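Here is the structure we will look at, set down as structure tokens.
The values are calculated or read from the model by the stated rules, or taken from the named source; none is laboratory data. Fair warning: this is a prediction, and the values are worked out from it, not measured in the lab. Note that each Cβ is placed from the backbone with ideal geometry, even for glycine, and that neighbours are counted across all protein chains shown. Accessible surface areas use protein heavy atoms only, side chains included; no ligands, DNA or RNA. Shrake-Rupley method; radii C 1.70, N 1.55, O 1.52, S 1.80 Å.
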Amino acid sequence: MGSAVSATVGAMSQPVQIVILNGCGSAGKSSTARALQEICARPFLHVAMDAFLDMLPKAMFGHADGMIFETLEEGGKRSVAIRTGPVMDAAMRGMRQAIAAMAGQGNHLIVDDVILNPADEADYRNLLSGFEVRFVGLLAPLEALEARELARGDREIGLARWQYDRVHAGRVYDLEIDTAATTPAQNAVLIRDAFGL
């Protein structure tokens, strides 16, 4: 990735900026990313993990090679664990490689992801080491996440509960935002101002 260090946007020679939004499902990552796109001085592309999940054949959902949702019980409440196989893992590695390739062509990026293990974060940091990368943790109390999860109607109920203690464990962020107390537009302003976007 030696060329990453010199990747610039046009004649303006601006360093490539990447904002990685990490949080549980329903934390507000996608809506914050879209709001941030609207107010940044430079054009930012939004790279959503969900777009890469949509690339998988439907047969990979519920298959050991792809992604399995396993219903558990935590504290007397429904929890849904995510188990991934080689096809899913390769797709996610490919996503991170694609992000590095996009940045290498001079694209500023807002990435929304659910980082559940240290190896994936380390992969991001290694691949993107030549760029100006900021990690933003979007947090909210579990009760708020579960209420949003239920209201959305497009998520497995219990995902937020399983992800809650895993998605931020051991993470070091450049900025943390409690999205229970803010709107996506307010999140966007906080991120823009914190990093001079």
* Structure fact -> For the chain, the longest principal axis of the Cα atoms and the Cα long axis of helix 118-127 enclose an angle in degrees, to the nearest 10, of 20
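Pull out a ≥ b ≥ c, the square roots of the eigenvalues of the alpha-carbon gyration tensor of the stretch 85-197, then state rounded if a/c is under 1.5, prolate if not and a/b is larger than b/c, and oblate in the remaining case.
oblate
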* Leaving out ligands, DNA and RNA, what percent of the accessible area of the stretch 121-197 is carbon and sulfur, probe 1.4 Å? -> 51
* In sequence order, what are the phi-derived ³J(HN,Hα) couplings for the stretch 54-66 according to the Karplus relation 6.51 cos²θ - 1.76 cosθ + 1.60 with θ = phi - 60°, rounded to whole Hz, with x for glycine and proline? -> 5, 6, 6, x, 4, 5, 7, 8, x, 10, 4, 6, x
* At what distance in nm do the modelled label points of Phe61 and Gln105 sit from each other, each positioned 7 Å from its Cα along Cα→Cβ? -> 2.8
* Anisotropy class of the stretch 20-105 from Cα gyration tensor, a/c 1.5 cut -> oblate
* Asked: For the stretch 64-168, what is the accessible area per residue in Å², given a 1.4 Å probe and the full set of protein chains?
  -> 46
* To do: Would you mind computing, in nm to one decimal, how far apart the modelled labels at Ala41 and Asn126 are, each placed 7 Å from Cα along Cα→Cβ?
  => 3.5
* Structure fact -> Helix-only [θ] at 222 nm, the chain, -39500 (n - 2.57) per DSSP H run of 4+, per residue, nearest 500, equals -11000 deg cm²/dmol
* **Separation between Cα centres of the stretch 107-163 and the stretch 28-67, rounded to whole Å** => 10
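At a Förster distance of 22 Å, what's the computed FRET efficiency of Glu156 paired with Ala90, Cβ-Cβ distance as r, to 0.05? Can you show the working numbers first?
Details: r = 22 Å, r/R0 = 1.02.
According to the calculation, E is roughly 0.45.
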* Asked: Using a 1.4 Å probe on the protein chains only, how many percent of the accessible area of the stretch 39-92 belongs to carbon and sulfur?
  -> 59
